Each structure stands twice: as structure tokens, then as C-alpha cells.
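Where a number appears in this text, it was derived from the coordinates with a stated rule and is not lab data. Quick caveat, the model's predicted, so the values are computed rather than measured.
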Amino acid sequence: MHLREFLQELHDVLQPRTYFEIGVRRGHSLRLSRAPAVAVDPAYEIRSEVRCDLHLVRATSDEFFARPHPFAHFDQPYIDLAFIDGMHLAEFALRDFMNTERFCHAGSVVVFDDMLPRDEIETRRNRTDAGAWAGDVYKVVDTLRALRPDLLTLELDTTPTGTLMVLLPDPRSHTLNAAYDQLVQEYVTPDPQQVPDWATTRSRAMSAERLLGSPVWAEVRRRRRLPDAAARPVIRSAYENAGLSTPGAS
């Protein structure tokens with residue numbers, strides 16, 4: 001399944017009340033939203049018709065999150081669905097997740113693009129040609145699995161460069177903040193990057209069709225109106241009962 005088809009169907013099954021996007025570029029993914037949306041990109045060049053209540057911000061994501069009230073556009077500063085497709089470097093992608101998570105709830109869904117590169121050339125930190133560039137954001141996958149076992153992290157076999165879905169975000173967690181400086185030291189290595197087999201072979205990736213067809217989404221829509229303490233165990237149980245509790249299950 002192509003990324004855009006996946007995102008369209010995810011909007012359909014999740015029916016988010018709010019949508020947040022980092023990395024707008026030409027607006028191909030932003031145009032899928034029908035919910036109130038906030039979108040951030042320092043150099044967007046939108047070429048698609050957008051049909052939602054939109055706050056479009058020409059800034060870096062760090063500049064956006066430094067604002068006193070970045071999500072003032074929403075009735076309540078909470079994100080139901082986020083799509084992170086900004087700078088293709090691991091330290092930026094992780095920081096975008098950390099900042100986004102602060103405005104999430106138990107039923108929020110966070111999606112990363114470019115998490116399953118197809119070869120070493122696509123993973124270079126220094127982009128050298130005009131071809132597909134996934135960068136080294138794949139490094140975030142194992143970080144989340146190792147440091148945040150409370151999250152559900154699902155690799156998805158989308159084209160062209162794979163997707164990661166993160167479920168059950170918790171804005172109370174400070175684990176990644178505490179580890180961030182050390183993680184950056186580990187992330188920043190000279191090219192070529194040592195790409196793990198699980199990324200290029202997609203051996204841990206789940207079918208996007210299977211995920212979208214699971215029965216959990218109606219439960220998520222119902223329970224996300226509850227306080228986190230009440231919603232979290234019920235939503236987790238729904239994911240587990242649908243067979244989504246094992247990372248990368250297929």
C-alpha cells in the first residue's frame with residue numbers, strides 16, 4: 001500500500017478531531033485532512049487543494065513548539081492524529097516526536113514516514129543526489145522500543161520507504177528527554193550508515209491493510225473522550241485483543 005493511500009484510509013477509520021503535520025512540502029498529505037489542522041514547514045510550496053480548517057505555519061518545528069501556545073488554533077490543545085515527515089535525521093525526528101507527544105492523549109496516533117529505507121544510499125545523513133532520501137530516521141524505531149516499552153510501535157510495509165505508527169503516547173513521560181543528549185551522540189555517525197537488516201528486508205513490518213482493517217478504531221474513537229487514566233488501559237486492551245500488542249507482528 002502506498003503511503004498516501006494508507007494515510008487516507010487512516011483518516012477514514014480514525015476520524016480524528018484534530019490533525020497535526022510536520023513537513024508539508026507540496027501538501028499532498030495535508031489535503032487528506034477534513035479535521036481542524038495545524039501544519040508546519042519552513043519552506044512549504046503547496047500545490048494541492050486543501051479542504052480543512054487550517055493553521056499553516058512557515059517555521060521550523062523547533063520554532064513552532066517554542067511558542068507559548070502552539071495549538072491555540074484547536075478548541076483544545078490535543079492532537080488526535082500526527083504525521084511526522086520533517087527533517088530526515090534521527091535526532092530531529094525524535095525531537096519532533098517528543099514535542100508532539102506533549103500534546104497527545106492515550107488515543108492519539110503518531111505516524112512517521114521514511115522508517116524502512118530500501119538501501120544504504122537512501123539513509124545517508126548528507127543528501128548527495130535528487131533521488132529518494134529517507135535519511136537515518138529509522139534509528140528512532142529501536143530507541144522507542146528500548147526506552148519506551150509503554151508505547152506500541154508498529155512498522156508498516158508501505159511504499160516507498162515504510163512507515164512507523166506509534167500508539168498510546170503519554171505526555172507525562174520524560175524518559176526520552178533524559179536520554180536525548182546521549183542518543184544524539186549515538187545517532188550522529190559518518191556516512192555510510194550501518195542499516196539494520198530489519199529495515200531493508202522489512203522483516204518486522206506489518207501489513208498496512210491488516211492494521212487498517214482491525215476492529216480497534218471504533219473503540220479508540222469512543223474512549224479518547226475519557227480522561228487518560230480511564231482510557232489508557234481500555235485502549236491498550238483493545239490493541240492487544242486485535243493482535244497489535246507485539247511490535248512488528250505480521
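Length gained on full extension, Asp181 to Leu226: 12.7 nm, using 0.36 nm per residue less the C-alpha separation. Amide H to amide H, with H built 1.01 Å from N, Thr159 comes under 5 Å of His2, Leu3, counting only residues 5 or more places away or on other chains. Kindly identify segment 144-213 as rounded, prolate or oblate by the Cα gyration tensor criterion: order the square roots of the eigenvalues as a ≥ b ≥ c, call it rounded if a/c is under 1.5, otherwise compare a/b with b/c, prolate if a/b is larger, else oblate. Taking the square roots of the gyration eigenvalues as a ≥ b ≥ c, segment 144-213 is oblate.
DSSP finds beta bridges in the chain, and of those with both partners inside it, around 35 percent are antiparallel. Projecting the alpha carbon convex hull of segment 87-191 along each direction and taking the average yields 6.5 nm². Helical runs assigned H by DSSP (4 residues or longer) give the chain a calculated mean residue ellipticity at 222 nm of -9500 deg cm²/dmol, each run adding -39500 (n - 2.57) before division by the residue total.
Once the chain from Ser207 to His2 is taken as fully extended at 0.36 nm per residue, the excess over their C-alpha distance is 72.7 nm. Here the ratio of the Cα radius of gyration of segment 96-152 to 2.2 N^0.38 Å is 1.34.
The value of relative contact order for the chain, using C-alpha pairs under 8 Å at least six residues apart, is 19 percent. Working note: Karplus 6.51/-1.76/1.60 with θ = phi - 60° gives segment 189-194 the couplings 10, x, 5, x, 7, 8 Hz, where Gly and Pro are set to x.
Under a 5 Å amide H cut-off, with hydrogens placed 1.01 Å from N, Val109 pairs with Leu81, Ala82 among residues at least 5 apart or on other chains. If one puts a single equal scatterer on every Cα of segment 3-241 and applies the Debye formula without solvent, what log₁₀ I(q)/I(0) results at q = 0.08, 0.13, 0.17, 0.18 Å⁻¹? Each listed q maps to, in turn, -0.27, -0.77, -1.41, -1.61. The stretch between Arg67 and Ser173, if pulled fully straight at 0.36 nm per residue, gains 36.1 nm over its current Cα-Cα span.
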